[in-house]
Every structure is written in structure tokens, then in C-alpha cells.
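Contents: one structure, followed by commentary.
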Amino acid sequence: MDPKLTEVSQFFERFKAAFVRHDFDTCSRLLSQLKVLLTQFRSLPPLFEGTPNAIHELSLARDIYEHAVILSVKIEDQDAFERDFFQLKPYYTDVGNILPPSPQEYPILGLNLLRLLVQNRIAEFHTELELLSSTALENPCIKHAVELEQSFMEGAYNRVLSARQKVPHETYVYFMDLLAKTVRDEIAGCSEKAYDYLSINDARQMLLFSSDQELLEYIKEDHPEWEMKNSSVFFQKAKESAPCKEIPSLQLINQTLSYARELERIV
């Protein structure tokens, strides 16, 4: 075996051993070294040279980047996820006719869709969806993300939150928790605008918590400005602290009239 390939394989075995024992600091350090070592292989993107060990090198590199994506989820680093996913993506799109399919492909593609949904990057979500084959769209990991997006757009927040209990892959839990927080923050923002107060029972049901204790912890951590008294949640303090933005109506009218005059001159 090529000495360079042997060296990368040995480093990767050390990485996987650290990954199994959840030593993510060691994993991050070894991953940085692995990425540098991979630059020695001219068979990898973007060169794709037909070297004697091309298939082995491509397969090994794909495996490394797949582990890198999963590691970024484990350490809850969304920026690293995005970087590693885009480094991995050519191995799914450009060498599919060279390498056999990876069992991690659909779970990782679904993870990326879920990340875009959590970050509210809906246009990119649909762009990525358009690039997928009809076979991919039938995969449970992809369907999970698509159904979540539909529920989110419909405002069916109870379906979004209940979807956490039936994730197709254990790595999805991190993004599902972030999505649940986004949903609750959206409901909370609407609630404090629509109501002066709610009973604890109503607030718990509206924010889709299963117990009063979960509601109280959420208020303590995310909305300390809400007041708890007489078995109710009062939003008045939050309303008073929210800045009131004045609309510069006179300025807007003058600008509109100015645009109208300019258009009249052009015509």
C-alpha cells in the first residue's frame, strides 16, 4: 500500500477510536491533521486525477468527511458542520459513478436540510431539495426534513415538536432541539403581543410543554421579564420594556412624492 495512504488510514483509525470513546477534543485535533494529509492525494476534488489508488483514496476521504460532519453535530458547531458538509458534498455529487453508495449519504443530506430549516434559510432548503433525486426524496431521512418544513410553514407547531420523538437518526436530536426552541420563541413572542397575561395552564398548553416545571424553567432561562403571580404569567412588563419604534410618516410621504415627480419627468 502507498505510504501516504497507510499514514492517513492509521490517523483515521486513531480518530475513530477517539470518536467511540467520545474524546471529541482529540477527534478535532486529529481531524485537522487528516485534512492536511488528504491534500496529498491528487485523486480527490477538485483535481479528480486517475491515480492507481484513486478509488481507495476517494472512499477513505469520503469516510473521513462523513465522520467530520457527525463530529460537528456532537460538538454542536454549526459553522464546522457547514464547512465539512460542503467538503463532503462533491463525494456524493461528482463521484457517484466511481464509488458505491454510502449508507451515511441520506442521513447526512437530511441533516443538512434540517440545519437550513433551523437557520430559517428556506430558499436554500428548497434549492438543496431540487438537487435530490426522486429516490432520495423517498428516503425517511429526507422525508422527515420535508414534512418538518411543511408543518413549520403551516404553523402546525405541535407536529414540529412531536417529530422529535420519531427522528430517523440519533444525530437529528441536536437540530430538533434547536428547532423546538425556535418554535417556542415564536409562540412566546406572539403570546406577549396578543395577551396581557395567561394562566399557567394555558401558557403551558400554548408553549407545548408537558409539565408546569418545564414551563417555569423556560421562563426563568429565556423570559425573566415575564412575571409569575396568582398562578398566571403576566407579559405587561415585557411589553413596557419593548422599544416603541416611531414611523417617520412625513419623511416617507415626501420621498414618495419625490419619486412620483421624478417618474413623471421620465415619462
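The values are calculated or read from the model by the stated rules, or taken from the named source; none is laboratory data. Worth saying up front: this structure is predicted, and the values here are computed from it rather than measured. For neighbour counting, all protein chains shown are included, and Cβ atoms are generated from backbone atoms with ideal geometry for every residue, glycine included. Note: accessible area is taken over every heavy atom of the protein model, side chains too, but ligands, DNA and RNA are not part of it. Shrake-Rupley method; radii C 1.70, N 1.55, O 1.52, S 1.80 Å.
Only one of (1) 19.7, 59; (2) 18.0, 52; (3) 25.2, 77 was calculated from the structure for Rg and Dmax of the Cα atoms in Å, and its label is (3).
In this calculation the C-beta distance from VAL173 to TYR259 is compared with R0 = 41 Å, giving a FRET efficiency of 0.20. Projecting the Cα atoms of HIS126, PHE48, LEU111 onto the charge dipole of segment 32-152 (Cβ charges, centred on the Cα centre) puts PHE48 farthest toward the positive pole. For the residues ASP63, ASP84, ASP196, a 1.4 Å probe over the protein chains yields an accessible-area ranking, largest first, of ASP196, ASP63, ASP84.
Look at the dipole of segment 141-267 built from charges on Cβ: of ASN254, VAL183, CYS141, the Cα furthest out on the positive end belongs to ASN254. Spacing of the modelled spin labels on ARG29 and LEU47, each 7 Å from Cα toward Cβ, amounts to 3.0 nm. Between ASN201 and GLU221, the FRET efficiency estimated from the beta carbon spacing at R0 = 22 angstrom works out to 0.60.
Just how large is the dipole of segment 144-267 about the Cα centre, in debye to the nearest 20, putting +1 at every Lys and Arg Cβ and -1 at every Asp and Glu Cβ? Intermediate values should be presented prior to the final figure.
Numbers: 14 positive and 21 negative charges, 46 e Å.
Charge dipole, segment 144-267, about its Cα centre: 220 debye, nearest 20.
Which of the pairs LYS166/LYS220; LYS143/LYS181; LYS16/LYS74; LYS35/LYS89; LYS181/LYS220 have their Cα atoms more than 19 Å apart in this structure? Numbers along the way, then the final one.
Values: LYS166/LYS220 28 Å; LYS143/LYS181 22 Å; LYS16/LYS74 14 Å; LYS35/LYS89 15 Å; LYS181/LYS220 14 Å.
Over 19 Å apart, Cα to Cα: LYS166/LYS220; LYS143/LYS181.
Within the accessible area of the chain, the carbon and sulfur atoms contribute 53%, probe 1.4 Å, all protein chains present.
Among the GluC sites (Glu not before Pro) in segment 41-110, those placed in a DSSP loop whose Cβ has at most 14 other Cβ atoms within 10 Å are GLU49, GLU76. Computed from point charges on the beta carbon alone (+1 for Lys and Arg, -1 for Asp and Glu), the dipole magnitude for the chain about its Cα centre is near 140 Debye.
Treat every Asp and Glu Cβ in segment 89-211 as -1 and every Lys and Arg Cβ as +1, leave all other atoms uncharged, and give the resulting dipole magnitude about the Cα centre to the nearest 20 debye. Let's see the in-between values first.
Values: 11 positive and 16 negative charges, 53 e Å.
Dipole size: approximately 260 debye.
Taking LEU198, LEU252, LEU117 as the candidate residues, the one with maximal mean-square fluctuation in a Gaussian network model of the chain, Cα springs under 10 Å, is LEU252. Solvent-accessible surface (1.4 Å probe) assigned to HIS56 amounts to roughly 80 Å². The residue among ALA61, TYR218, ILE200 whose Cα reaches farthest toward the positive pole of the charge dipole of the chain, with charges on the beta-carbon of Lys, Arg, Asp and Glu, is ALA61. With protein chains left intact and a 1.4 Å probe, residues in the chain average 59 Å² of accessible area per residue.
Fully extending the segment from LYS181 to ILE75, taken as 0.36 nm per residue of separation minus the present Cα-Cα distance, adds 36.3 nm.
With springs only between Cα atoms under 10 Å apart, run a GNM on the chain and tell me which of LEU88, LEU207, LEU131 wobbles the most. Checking each option, the largest mean-square fluctuation is seen for LEU131.
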